[in-house]
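Everything on this sheet refers to the single structure shown next.
The values are calculated or read from the model by the stated rules, or taken from the named source; none is laboratory data. Worth saying up front: this structure is predicted, and the values here are computed from it rather than measured. Reconstructed Cβ throughout: ideal geometry from the backbone, glycine too, with neighbour counts over all protein chains shown.
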Amino acid sequence: MGKSIAIDGPAGAGKSTIAKIVAKKLGFIYVDTGAMYRAMALYLIRKGIARDDITGIKKACNDADISISYEDGRQVVLLMGENVNDLIRTEEVGNMASVSSTVGAVREKLVALQKKLAAEKDVVMDGRDIGTVVLLDSRCKIYLTASSKVRAKRRYDELTAKGEKCDIDRIEKDIIERDQRDMTRENSPLRCADDAVKIDSSDMSIEEVADAIMEEAKRKL
């Protein structure tokens with residue numbers, strides 16, 4: 001069994017950015033579980049399945065082939081063998097992922113792959129249910145959060161930097177709705193694990209958050 005760091009938290013808290021930095025510093029493999037759920041969401045969108053068609057989602061997810069590989073030290077998310085890194089970061093995919101990830105059949109398929117990765121390698125994994133479901137035995141669990149306003153501003157800056165027109169109030173509304181769905185879903189709801197350390201990154205720099213997690217990792221691992 002490899003060593004692991006489990007990072008959970010709501011959308012836009014900076015989990016992926018921080019997890020990548022920590023993994024690089026420790027020489028661990030970064031596993032972006034959100035990207036795996038987004039790849040599944042992209043698959044469902046391509047199949048023309050509606051967000052509210054739960055039966056269709058359950059049926060279709062069985063045929064999806066999603067895996068992760070590393071090329072030049074960079075994580076590549078593969079959907080049916082295709083590199084979909086640049087296709088899974090849209091709002092449409094994110095909103096579909098938030099719904100489809102609540103479906104038990106989708107979670108079962110992807111959690112099995114995530115557990116397999118953690119059994120074989122030293123990993124930093126981030127998502128919504130890593131410390132509470134996927135890596136239950138991890139000795140280093142972090143719950144990373146920030147206010148919805150701060151998270152919306154980060155997302156707004158990210159999108160406008162790419163030249164996309166967006167409305168910050170609409171983004172915050174989407175984030176609050178996504179939090180509500182994630183925290184109240186039947187399967188693996190988002191919550192802070194009892195043995196996790198809670199970090200609010202609202203007034204912290206990326207470096208400060210990464211350093212806090214590194215200190216925790218040194219203590220626990």
Quiz item: Do you know which residues across segment 41-76 are charged (D, E, K, R), under 21 Å from the mean Cα position of the chain (by Cα) and either under 28 Å from Glu120 (Cα atoms) or at pLDDT below 90 (or both)?
Solution: Asp65, Glu71, Arg74
Quiz item: How many of the residues in segment 120-132 are closer than 18 Å to Met214 by Cβ, more than 11 Å from the chain's Cα centre (by Cα) and either basic (Lys, Arg) or crowded, with 23+ Cβ neighbours inside 10 Å (or both)?
Solution: 3
Self-check item: Count - residues of segment 100-112 that are assigned to a helix (DSSP H, G or I) and over 14 Å from the mean Cα position of the chain (by Cα)
Solution: 6
Practice problem: Restricting attention to segment 187-221, report how many residues are part of a helix (DSSP H, G or I) and exposed (fewer than 14 other Cβ atoms within 10 Å of the Cβ). | Solution: 6
Practice problem: Just need a number here: residues in segment 186-221 that are more than 27 Å from Phe28 (Cα to Cα) and in contact with a Lys or Arg (Cβ under 9 Å, 6 or more places away or on another chain). | Solution: 1
Quiz item: Any chance segment 143-159 includes a residue that's touching a residue at least 12 places away in the same chain (Cβ under 8 Å), more than 13 Å from Asp8 (Cβ to Cβ) and of a type in the set (Phe, Trp, Tyr)?
Solution: yes
Quiz item: Hey, among the residues in segment 133-177 that are over 16 Å from the mean Cα position of the chain (by Cα) and aliphatic (A, V, I, L, M), which one's surrounded by the most Cβ atoms within 10 Å (Cβ to Cβ)?
Solution: Ala152
Quiz item: Taking segment 126-154 as the region of interest, how many residues are part of a strand (DSSP E or B) and under 30 Å from Ile168 (Cβ atoms)?
Solution: 6
